[in-house]
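Take a look at the structure below.
The values are calculated or read from the model by the stated rules, or taken from the named source; none is laboratory data. Everything quoted here is computed from the prediction, not taken from an experiment. Here Cβ is always computed from backbone atoms with ideal geometry, including for glycine, and neighbour counts include all displayed protein chains. In case anyone asks, the SASA skips ligands and DNA or RNA and just uses the protein heavy atoms, side chains included. Shrake-Rupley method; radii C 1.70, N 1.55, O 1.52, S 1.80 Å.
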Amino acid sequence: MGRLAKYWAFMRMGYLTYLAYRFQVLMNFVSYLLIIALNYFLWKAVYSGHREIAGFTMEQMMTYVVIGWSARTFFANRIDRMIGDAVRDGSIAMDLLKPTNFQLYHYFRAFGRAVFMFLFMTLPIIVVASLIFPVSLPSGKLGPYLFPLSVILSFFLHAGISYLTGLVAFFTRNNEGVLRFKQLLVEVFSGVMIPITFFPDWVQNALFWLPFKYIAYAPLRIYLGMEPLSKVHQGVLLQIMWIVIIYLAGQVLWHYAIRRLEIQGG
Amino acid sequence: MPIIEAANLAKHFRTFRRRSGLWGSFKDLVNRKYETVRAVDGVSFAIEPGEMVGYIGANGAGKSTTIKMLTGILVPTSGRVAVRGLVPHRQRYQHVKQIGVVFGQRTQLWWDIAVIEALRLLQRIYEVPKADFEARLKKFEEVLGLGDLLNIPVRKLSLGQRMRCDLAASLLHNPPVLFLDEPTIGLDIAVKASVRDFIREINREYGTTVILTTHDLSDIERLCRRVIMIDRGRLIYDGELKSLKEQAVGARRLVVDFVLPVDRAGLQRALEGCPVELEGGGPFRWEISFRRGQANAPEIIGLLMSRLEVRDLELEEPRIEEVVREVYRRERAG
């Protein structure tokens, strides 16, 4: 019993909710395969005549694409959209009536969804995609162990960023604009679309100070065994650091957000 | 000692007033005009443990906003509020554990999962011991007739079914205070009755303090001895329902359909000696209003039936807007 059971319950709810939308999940499954195929042909064209670009061989790049997009199904979340919708339609009132930490409630509810996604999206996509495209197994000594841990950390990091984006709705009523902007930042700078090494140096330097690349790029480097051991540890520690910083920022922002809440009428 | 206290409680919203037209929208970008809406404006009351209080007022009077402050959802602009010694918005975590809340227009369950799953989640969220949970669930199942509903996803329930499930959900942790915001809105008469019976039984058995907002006076009549009335954010009545009704609910209305056209003079002649007001209508349908104490329905109906040919008639219960108007009129007069 106690608090742990409570957050376990949120996970369960997140999981059960998605069980109700199996068809939607199937459609997502198909679109992810299409994106991976598209990337495959794109990179094939880019790599023609090159053995290595920006430190990635063609084989590494394909593995990067398949594992990256599959992992995305796991660490993606809808927290920002859910908070935005709840503020707009006033159902936020019902969330506030539950004796819980609002932030952890969202983290764990989304984690339940992530577990569902892992079973019904991530794994099937990896299986199907590796039958079609050349994908290599995790490399290095630590790849197989630290990669899963790192992706779970990616989830909580991304959850934190979404949570902050969601809270914007308390101030602006509508967080659609910020939500789109955040989505763009994450897509581009997490490294899901292209590895960070493809960017100019000054962008790479700037990204060192931002949390985004620890969502996808860092774990994928671990998977590919492209980092020395010391760097792997550093990457995981930086993930944890960012999770803590963003969690605390969420707690502080919440304090101000709740004061701004206006629910008029029913 | 009161279980719920509000002192000079106020909530002001600042709303952005949009100007019309294209030019107006440009002006809005540069220079926004705000205006303050005083949704609740200095309300004070105290409620004792075990009371069932009706919190009434017309639409937009500030009922829901008050409830949202008492439940800790909204932070008051000024004033004090305490429920069992806790300040709702400051001690939200401890506070929400001691209250149950039902909003007629919303659900605390989750749309996509079955009712029983939602209730089990609430059990964990409120940390209710398993034995207590089972016992309460069994009781609610019986009294509210939840049996067949438990395995249906919430989104597939009808309004009445959902409301019964929401009531059960709000009481799983046996809260000493229950807030009901429009619990019977949109329900048919049979469900309304079972919801009211249930609330009365909970109050009697567990001594639960109940605050009920509604704009259906019949809810209040069945459940509450005391009413607090609010209008435009201000408290305008706090006392016994009986005396409010006797004194304030003066005007009742009788709507009559006649077989043959009747003009005003004809109707006045028929009701000679009976102090009534004819409120428009005619020639086939007339609305006749009268005050309690000056005239009564059987007398008027008797006169009409004996002198004119009546096709149909209906006695309307006073609407809350009329009661509010009546309270105002009395305040000005006295």
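The table for this structure:
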{"quantity": "Within the accessible area of the protein assembly as shown (1.4 Å probe), percent carbon and sulfur", "calculated": "57 percent"}
{"quantity": "Volume per residue that the Cα convex hull of the protein assembly as shown spans, once the total is divided by residue count, Å³", "calculated": "225 Å³"}
{"quantity": "The stretch A:135-157 residues near the modelled A:Phe198 label - backbone nitrogen below 14 Å, point 7 Å along Cα→Cβ", "calculated": "none"}
{"quantity": "Evaluated over the stretch B:251-317, the Cα radius of gyration and Dmax, each in Å", "calculated": "10.5, 30"}
{"quantity": "Extension gain, B:Lys139 back to B:Ser78 (0.36 nm per residue minus Cα-Cα distance, nm)", "calculated": "17.9 nm"}
{"quantity": "Peptide B:24-35 - average C-beta neighbours from other chains (10 Å radius)", "calculated": "0"}
{"quantity": "Span from the the stretch B:291-310 Cα centroid across to the the stretch A:67-107 one, whole angstrom", "calculated": "61 Å"}
{"quantity": "Evaluated over the stretch B:190-266, the Cα radius of gyration and Dmax, each in Å", "calculated": "18.1, 58"}
{"quantity": "Ranking by accessible area, most exposed first, for A:Arg12, B:Arg106 with a 1.4 Å probe", "calculated": "A:Arg12, B:Arg106"}
{"quantity": "Solvent-accessible surface (1.4 angstrom probe) belonging to B:Glu117, in square angstrom, nearest 10", "calculated": "40 Å²"}
{"quantity": "The stretch A:109-220 shape via C-alpha gyration tensor axes, a/c threshold 1.5", "calculated": "oblate"}
{"quantity": "Average beta-carbon neighbours from other chains, 10 Å sphere, peptide B:92-101", "calculated": "3"}
{"quantity": "Considering only the protein assembly as shown, percent of DSSP beta bridges that pair antiparallel, nearest 5", "calculated": "70 percent"}
{"quantity": "The stretch B:4-246: equivalent-ellipsoid semi-axes (sqrt of 5 x gyration tensor eigenvalues, Cα, Å)", "calculated": "32, 23, 19"}
{"quantity": "Percent RCO, i.e. relative contact order, over the stretch B:131-216, from Cα pairs under 8 Å lying at least 6 residues apart", "calculated": "32 percent"}
{"quantity": "Pairs beyond 25 Å (Cα-Cα), from B:Lys33/B:Lys68; B:Lys11/B:Lys192; A:Lys98/B:Lys130; A:Lys182/B:Lys97", "calculated": "B:Lys33/B:Lys68; B:Lys11/B:Lys192; A:Lys182/B:Lys97"}
{"quantity": "Modelled FRET efficiency - R0 45 Å, B:Leu260 with B:Glu221, Cβ distances, 0.05 increments", "calculated": "0.75"}
{"quantity": "Spin-label model distance (nm) - B:Met305 vs B:Asp132, 7 Å beyond Cα toward Cβ", "calculated": "5.6 nm"}
{"quantity": "Placed amide H near B:Thr214: partners under 5 Å, 5+ positions off or other chain", "calculated": "B:Tyr55, B:Gly57, B:Glu182"}
{"quantity": "Helix B:21-30 vs. chain B, principal-axis angle (Cα, 0 to 90°, nearest 10)", "calculated": "40 degrees"}
{"quantity": "Chain lengthening between A:Asp89 and A:Trp209 when straightened (0.36 nm per residue, less Cα-Cα)", "calculated": "39.6 nm"}
{"quantity": "Accessible surface ranking that places the most exposed of A:Arg78, A:Arg51 first, with a 1.4 angstrom probe", "calculated": "A:Arg51, A:Arg78"}
{"quantity": "Estimated distance in nm for a label pair at B:Leu278 and B:Lys156, the labels positioned 7 Å out from Cα along Cα-to-Cβ", "calculated": "5.8 nm"}
